[in-house]
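What follows is calculated from the coordinates using simple rules that are stated; it is not laboratory data. Please read these numbers as outputs of a predicted model, since none were measured by experiment. Here the Cβ positions follow ideal geometry from the backbone for every residue, glycine too, while neighbour counts run over all protein chains shown.
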């Protein structure tokens, strides 16, 4: 059976509403205008440090305030779970993959503690044998080291990576593993401009897609 590692935000869960809420709570403290949902979505992908940097630039906040805003963001991040939802059929797909004998993991740029908090809140943590966050190693995606570590923590088998973003596509390419692109997440590029092995727009179709891909490698 396969080792299947998933990205989190924009792949398994739609977390932009919680992340926008944190950003706007910080903007309230700064006396600045709120960020839009589209802006918050654009900030996601390279970890919380980059999210805060993009937030600062969007509101003209100087670099010298970065650490203070980052600390404020992290204070709120662990509880930022109540507006986050799994994408449709995510849990059904995860359950089916586990029942088929596959071993599942997470590799995300979200810090590990908030990652585990939202997985537990949504009841999805039971499906994953290993979880790697953006602070689990000194480097994060698109460096392939966290993804390789996630695969190494699972039993032997073919490797598949499932993600939604340009960062995920580059990570898979650098790790030289097949990439299944979820097209309904937070990607910034057109699908045809992103390196991928296969695409899907509905998690109900993922177990069958995995089966077809594995059959082609036999």
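Restricting attention to the stretch 49-65 and to residues that are within 15 Å of residue 186 (Cβ to Cβ) and in contact with a helix residue (DSSP H, G or I) (Cβ under 6 Å, 6 or more places away or on another chain), the residue that is surrounded by the most Cβ atoms within 10 Å (Cβ to Cβ) turns out to be 51. Here residue 135 fits the description: part of a loop (DSSP other than H, G, I, E, B) and farther than 27 Å from residue 215 by Cα.
Does the stretch 187-196 contain any residue that is out of contact with any strand residue (DSSP E or B) (no Cβ under 7 Å at 6 or more places or on another chain) and crowded, with 18+ Cβ neighbours inside 10 Å? So far as the stretch 187-196 goes, yes, one or more of its residues are out of contact with any strand residue (DSSP E or B) (no Cβ under 7 Å at 6 or more places or on another chain) and crowded, with 18+ Cβ neighbours inside 10 Å. Does the stretch 107-124 contain any residue that is surrounded by 15 or more Cβ atoms within 10 Å (Cβ to Cβ), more than 21 Å from residue 48 (Cβ to Cβ), in contact with a helix residue (DSSP H, G or I) (Cβ under 9 Å, 6 or more places away or on another chain) and without any contact (Cβ under 8 Å) to a residue 60 or more places away in the chain? Looking through the stretch 107-124, none of the residues is surrounded by 15 or more Cβ atoms within 10 Å (Cβ to Cβ), more than 21 Å from residue 48 (Cβ to Cβ), in contact with a helix residue (DSSP H, G or I) (Cβ under 9 Å, 6 or more places away or on another chain) and without any contact (Cβ under 8 Å) to a residue 60 or more places away in the chain. Taking the listed residues 164, 168, 143, the one that is over 27 Å from residue 99 (Cα atoms) and in contact (Cβ under 8 Å) with a residue 12 or more places away in the chain is 143, with no other qualifying. For the residues 137, 32, 37, 83, the requirement of being surrounded by fewer than 16 Cβ atoms within 10 Å (Cβ to Cβ), in contact (Cβ under 8 Å) with a residue 60 or more places away in the chain and over 15 Å from the mean Cα position of the chain (by Cα) singles out 83.
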